[in-house]
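For reference, the structure is listed below as structure tokens.
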């Protein structure tokens, strides 16, 4: 039993696409009684789908990548990782300009969460959670610098 727990922890900690999902949203259809009436905001429902097909579309030899599922736009890529620091493998996914999120546990209130998105002057990150060790902060800054340099030079 202990061996299974160790294996499970190791698998979860592995930084791969197996622990990634894409988020698609769709509007909830209005109640027929509300039809024709002004409704404040439109309620949305999010669906979480394994990201393998999206990620494969990013890395295949074809031009472009998936942008929607069943006519619903892909709104985010969320990956469970042991570290919130994006890998260089993630650069190509991030460069799709779909918001990219990393967390050891998206459901835990005390878990770190890193978001990477495109801004006017390049890619930026936002981190919330426990303080990161100095080495992680340095690595994050280095990776963001490299990500933005690749963006500037259009390297893959």
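Every number in this text was worked out from the coordinates using simple rules, so none of it is lab data. Please read all numbers here as calculations on a predicted model, not as lab measurements. Neighbour counts are summed over all protein chains in view; Cβ atoms, including those assigned to glycine, are modelled from backbone coordinates with ideal geometry.
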Query raised in the report: For the peptides 113-122, 133-142, what is the packing order when you average, over each peptide's residues, the other Cβ atoms within 10 Å and list the highest mean first?
Result: 113-122, 133-142
Query raised in the report: Under a plain spin-label model, where a point goes 7 Å from the Cα along Cα-to-Cβ, how far apart in nm are residue 145 and residue 97?
Result: 2.7 nm
Report task. Quote to one decimal, in nm, the extra length available between residue 28 and residue 62 on full extension: 0.36 nm per residue of separation minus the C-alpha distance between them. Result -> 8.9 nm
Query - Label point distance in nm, residue 44-residue 82, each placed 7 Å from Cα along Cα→Cβ - result: 3.4 nm
**Report entry** Spin-label pair residue 118/residue 136, simplified geometry with 7 Å Cα→Cβ offset, distance in nm
**Finding:** 2.8 nm
Report task. Given the peptides 70-78, 19-27, arrange them by the average over their residues of other C-beta atoms within 10 Å, most packed first. Result -> 19-27, 70-78
